[in-house]
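The values are calculated or read from the model by the stated rules, or taken from the named source; none is laboratory data. Keep in mind it's a predicted model, so treat the numbers as computed, not measured. Don't worry about glycine lacking a Cβ; one is built from the backbone with ideal geometry, like all the others, and counts go over all protein chains shown. Each accessible area value is taken on the protein alone, full model and side chains, heavy atoms only, with ligands, DNA and RNA left out. Shrake-Rupley method; radii C 1.70, N 1.55, O 1.52, S 1.80 Å.
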Amino acid sequence: MSLLQKISVGYFVVLLAAAALNYVPGITDDQGLAFGIFALDLFDDTLHLASALWALIAAFMGARASKVFLVVFGALYLGDGLLGFATGWGYLDFGIFTNTSDGISFTVFRVLANLPHIALGGVALFAGLRFGRVQ
């Protein structure tokens, strides 16, 4: 198994865990916020699950498919996190289309709410581009 395939399997595990957050007792608070920071709904859970399955399928298909997954997924999630940081809403859950912009904010809450997508997307994009020399 290539490094790209192993990274894709890692993303499968992480994204599957993200999809399961709402269903683990004690993770969400009384207001439905995971870790007291962000709300995840059925749409978000489905998006995380679909992304996890995409990662797993890519890993089984080979290094080239894993590279495509990491680059495309990375760009989409990184962009979503950066937009969320700048406006308060992302595009993957259509929030930017249904809510008015809250403007850029450097609050701890805004950073923590968008850090998962920025980190996951940034690492995936970097790995896909850096380690992605597939013949």
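Brief remarks follow.
- Of the residues making up region 62-73, those that are farther than 14 Å from R130 by Cα and either open to solvent by 80 Å² or more (accessible area, probe 1.4 Å) or small (G, A, S) (or both) are G62, A65.
- Some residue of region 122-132 being without any contact (Cβ under 8 Å) to a residue 40 or more places away in the chain and within 15 Å of the chain's Cα centre (by Cα): no
- Scoring A86 on the criteria (1) surrounded by 15 or more Cβ atoms within 10 Å (Cβ to Cβ); (2) touching a residue at least 24 places away in the same chain (Cβ under 8 Å); (3) more than 17 Å from A39 (Cα to Cα) leaves a single failure, condition (2).
- Only a single item in (1) over 25 Å from Q5 (Cα atoms); (2) open to solvent by 50 Å² or more (accessible area, probe 1.4 Å) is not met by I37, and it is number (2).
- Condition met for G81 (of a type outside the set (A, V, I, L, M), crowded, with 20+ Cβ neighbours inside 10 Å, under 18 Å from A18 (Cβ atoms) and modelled with pLDDT of 95 or more): no
- Pair list, Cβ under 9 Å, 6 or more apart: region 48-59 residue in contact (Cβ under 8 Å) with a residue 12 or more places away in the chain, other residue of a type outside the set (G, A, S) and not in a helix (DSSP H, G or I): H48/L40; A59/M1
- Residue within region 57-66 that is out of contact with any strand residue (DSSP E or B) (no Cβ under 9 Å at 6 or more places or on another chain) and either among the β-branched types (V, I, T) or under 25 Å from D102 (Cβ atoms) (or both) present: yes
- Looking only at region 90-123, and only at residues there that are aromatic (F, W, Y) and farther than 17 Å from A75 by Cα, the one that is least open to solvent (accessible area, probe 1.4 Å): F109
- Of the helices (runs of 4 or more DSSP H) lying entirely inside region 28-113, those containing at least 3 residues that are of a type in the set (D, E, K, R) are 63-87.
- Taking region 40-61 as the range and being open to solvent by 40 Å² or more (accessible area, probe 1.4 Å) and out of contact with any Phe, Trp or Tyr (no Cβ under 7 Å at 6 or more places or on another chain) as the test, the residues that pass are D41, L42, F43, T46, L47, L49, A50, L53, I57, F60, M61.
- Residues in region 19-34 that are out of contact with any strand residue (DSSP E or B) (no Cβ under 9 Å at 6 or more places or on another chain) and not aromatic (F, W, Y) were compared, and the one that is surrounded by the most Cβ atoms within 10 Å (Cβ to Cβ) is A19.
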